[in-house]
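Chemist: One structure coming up, written as structure tokens, with questions to follow.
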Amino acid sequence: MHRAHPLAWAALGLGLAFLYGPILLLVAYSFNASRLVTVWAGFSTRWYAGLLDNGPLVDSALVTLKVALASAGLATVLGTLAALALDGRRRFPGRPLLTGLVYAPMVMPEVITGLSLLLLFVGLGIPRGFWTIVIAHATFTLCFVAVVVQARLRTLDRSLLEAAADLGAAPVTVFRTVTLPLIAPAVVAGFLLAFTLSMDDLVIASFVSGPGATTLPMRLYSQVRLGVTPEINAISTLLIGAVSLAVLGASVLTARRGR
């Protein structure tokens, strides 16, 4: 059995430390008793309790969660439909153009996407707020869902679909009973990816948000410019924990489905 070189293990350790060291430090200092985030004064959970008294931060967290759920759901539906339409076995006029339009947000700078959506909403007279953020995030993330679902469609056993059709199942029935269960893991993965990208977005939301629709990244960025506070460390730790639990749960469900 080939053993890795010690330098390879050292490089791996340095890479992991570089990636996760700051996160672990943030989590540790969220339990700091001192208001000074760089001075350790003992273990305390006071800042987690203090989050309940920080109304603007809690409101921004709720707005972010609602936006992420709504935009991820919309992006999952549209991205799955786009992946089905762009499936390699389907040929129709304008397919290359549609492919480019679907995948363009993936490579386009977020500043350009945010500015173009801002101009669109202003030109249409749509007031900026919660739903403009949802539309913007769905527009930005549906391409990622389409990529994930389309990759699963390429490995799909077409004989199963053909067998269902030969047995008299209508196209809608074939999709509901055969195609959708087979691509369900990819659909769920696309939803989680879209949800995470929406939760993390700052640039696009800054362009299309309005009064009463301040997301958590926007709130944190505005507060960090004035100085990092223990509440920021605490709510960031809660977000890390929530994402970790979601990833762990998805991994467990995928493993059970595989068995």
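Chemist: Identify which of M218, M106, M199 has the largest mean-square fluctuation in a Gaussian network model of the chain, with springs joining Cα atoms closer than 10 Å.
Modeler: Comparing M218, M106, M199 in a Gaussian network model of the chain, the most mobile one is M106.
Chemist: Ignoring ligands, DNA and RNA, please state the percent of accessible area on segment 56-210 from carbon and sulfur, probe 1.4 Å. Please list the in-between numbers first.
Modeler: Values: 5830 of 7930 Å².
The C+S portion of the solvent-accessible surface of segment 56-210 is 74 percent.
Chemist: Provide the FRET efficiency to the nearest 0.05 for the A49-L248 pair, computing r from the beta carbons and using R0 = 35 Å. Present the calculation step by step, with values, prior to reporting the outcome.
Modeler: Numbers: r = 26 Å, r/R0 = 0.74.
Result of the calculation: an efficiency of 0.85.
Chemist: Something else: Between V188 and R154, how high is the FRET efficiency from 1/(1 + (r/R0)^6) when r is the Cβ-Cβ distance and R₀ = 22 Å? Nearest 0.05. Write out the running numbers ahead of the final one.
Modeler: Working: r = 18 Å, r/R0 = 0.81.
With a Förster radius of 22 Å, E is 0.80.
Chemist: In cubic angstrom, how much convex hull volume per residue do the alpha carbon atoms of the chain span? Please list the in-between numbers first.
Modeler: On the way: hull volume 55.0 nm³, N = 259.
Cα convex hull per residue, to the nearest whole number: 213 Å³.
Chemist: Taking R0 as 35 Å, what's the FRET efficiency between A41 and L19 from their Cβ-Cβ distance, rounded to 0.05? Before the final figure, lay out the partial values.
Modeler: Values: r = 28 Å, r/R0 = 0.79.
After rounding, the FRET efficiency stands at 0.80.
Chemist: Given H placed on each backbone N at 1.01 Å, which residues far from N32 in sequence or on other chains put an amide H within less than 5 Å of it?
Modeler: It is S44, by chain and number.
Chemist: Oh, and also: Relative contact order for the chain using alpha-carbon pairs under 8 Å, separation at least 6, rounded to a whole percent?
Modeler: Once divided by the residue count of the chain, the mean separation gives 31 percent.
Chemist: Remind me, what semi-axes does segment 81-129 give for its equivalent ellipsoid, largest first in whole Å, using sqrt of 5 times each Cα gyration tensor eigenvalue? Spell out each step's value before the answer.
Modeler: On the way: eigenvalues 162, 32, 17 Å².
For segment 81-129, the ellipsoid semi-axes come out as 29, 13, 9 Å.
Chemist: Along segment 12-20, what does the Karplus equation 6.51 cos²θ - 1.76 cosθ + 1.60 (θ = phi - 60°) give for ³J(HN,Hα), rounded to whole Hz, x for Gly and Pro?
Modeler: 5, x, 5, x, 5, 5, 5, 6, 9
Chemist: Using a 1.4 Å probe, what is the accessible area per residue for segment 60-258, in Å²? Could you put the intermediate results ahead of the total?
Modeler: Numbers: 10610 Å² over 199 residues.
Heavy-atom SASA per residue in segment 60-258 reads 53 Å².
Chemist: When the convex hull of the Cα atoms of segment 179-259 is projected onto a plane and the area is averaged over all directions, what value comes out in nm²?
Modeler: On the way: hull surface 28.6 nm².
With every direction weighted equally, the projected area is 7.2 nm².
Chemist: Could you work out the Kirkwood radius for segment 14-131, taking every pair of different alpha carbons, averaging 1/r and inverting it, reported in Å? Write down the numbers at each step before the final one.
Modeler: Working: mean 1/r = 0.0517 Å⁻¹.
That comes to 19.3 Å for segment 14-131.
Chemist: GNM on the chain, C-alpha springs below 10 Å: top fluctuator among V107, V67, V224?
Modeler: Between V107, V67, V224, it is V107 that shows the largest mean-square fluctuation.
The values are calculated or read from the model by the stated rules, or taken from the named source; none is laboratory data. This structure is a prediction, so every number in the text was calculated from the model and none was measured. A quick note on method: Cβ atoms are made from the backbone with ideal geometry, for glycine too, and the neighbour counts reach across all protein chains shown. Note: accessible area is taken over every heavy atom of the protein model, side chains too, but ligands, DNA and RNA are not part of it. Shrake-Rupley method; radii C 1.70, N 1.55, O 1.52, S 1.80 Å.
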